[in-house]
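To start, the structure under review is shown below, and the notes come after it.
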Amino acid sequence: MAVTIYPATDADKAKILKVLTVYNMGDFGHSEREEMPKIEHFLVAKDGDETVGCAAFLLGDESKLTIDDTQAETGSLAVLPSHRGTGLGYRLQTARLEKMAQMGVKTVFTETDTPQVIEWYMRKFGYVKLHTRKKTAPFVNPAVDTFTLLEFDLPAWRDQHSPC
């Protein structure tokens, strides 16, 4: 069955948290994650009845990294191990970027602590490294003690990827 991606609803919350917990992202009590994204800013990937991935963003003042609604912070991109390597992460990221663009977002920030994820964002989407900061909790990858902040120019990406 083909995996479908759609905007999340309240009924998806428990399944989203189950996916995020696989990657140590399900505990939103950490000081790093006080700003749980609103459910309307989540996308869910389903394979049949099973939730196999999700992606979210924080818009404007919902995030500690952004100053207005032309900026967004991505978060909570996760794909179950059973569906990794299928391109689903790329599809979720692309769908999330399109949703943000439709809302008028111009600049996207992403904070991550996983070297492979940093490289993926830079290689696949053209993100640029800004800086690192010390983590205050063992969120996501406990073996890494810093987050790397990445920046993304959404209109430039859309110009390069829009259909002719």
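Here are the numbers for the structure shown:
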| quantity | calculated |
| --- | --- |
| Accessible surface of the chain [probe 1.4 Å, protein heavy atoms]: carbon and sulfur percent | 55 |
| Inter-site label distance for Thr21 and Arg158 at 7 Å from Cα along Cβ, in nm | 3.7 |
| Furthest towards positive pole of dipole, Thr4, Ser82, Leu154, structure part the chain, Cβ charges | Ser82 |
| Total charge dipole magnitude, the range 43-111, about the Cα centre, Cβ charges on Lys, Arg, Asp, Glu only, Debye to nearest 20 | 240 |
| Solvent-accessible area per residue for the chain (1.4 angstrom probe, square angstrom) | 51 |
| The chain shape via C-alpha gyration tensor axes, a/c threshold 1.5 | rounded |
| Potential extension, Lys134-Asp68 segment - 0.36 nm per residue separation minus Cα distance | 21.3 nm |
| Dipole magnitude of the range 38-161, debye to nearest 20 (Cβ charges: Lys/Arg +1, Asp/Glu -1, about Cα centre) | 300 |
| DSSP bridge pairs, the chain: antiparallel proportion in percent, nearest 5 | 90 |
| Pairwise Lys count, the range 43-160 - Cα closer than 28 Å, eight or more residues apart or different chains | 16 |
| Difference of contour (0.36 nm per residue) and Cα-Cα distance, Lys124 to Ile39 | 28.0 nm |
| Cβ-based net charge around Trp120, under 15 Å, with every Lys or Arg adding one and every Asp or Glu removing one | +3 |
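The values are calculated or read from the model by the stated rules, or taken from the named source; none is laboratory data. All of these numbers come straight from a predicted model, not from anything done at the bench. Virtual Cβ from ideal backbone geometry, glycine too; neighbours counted across all protein chains shown. Heads up: the accessible areas ignore ligands, DNA and RNA and are worked out on the full protein's heavy atoms, side chains in. Shrake-Rupley method; radii C 1.70, N 1.55, O 1.52, S 1.80 Å.
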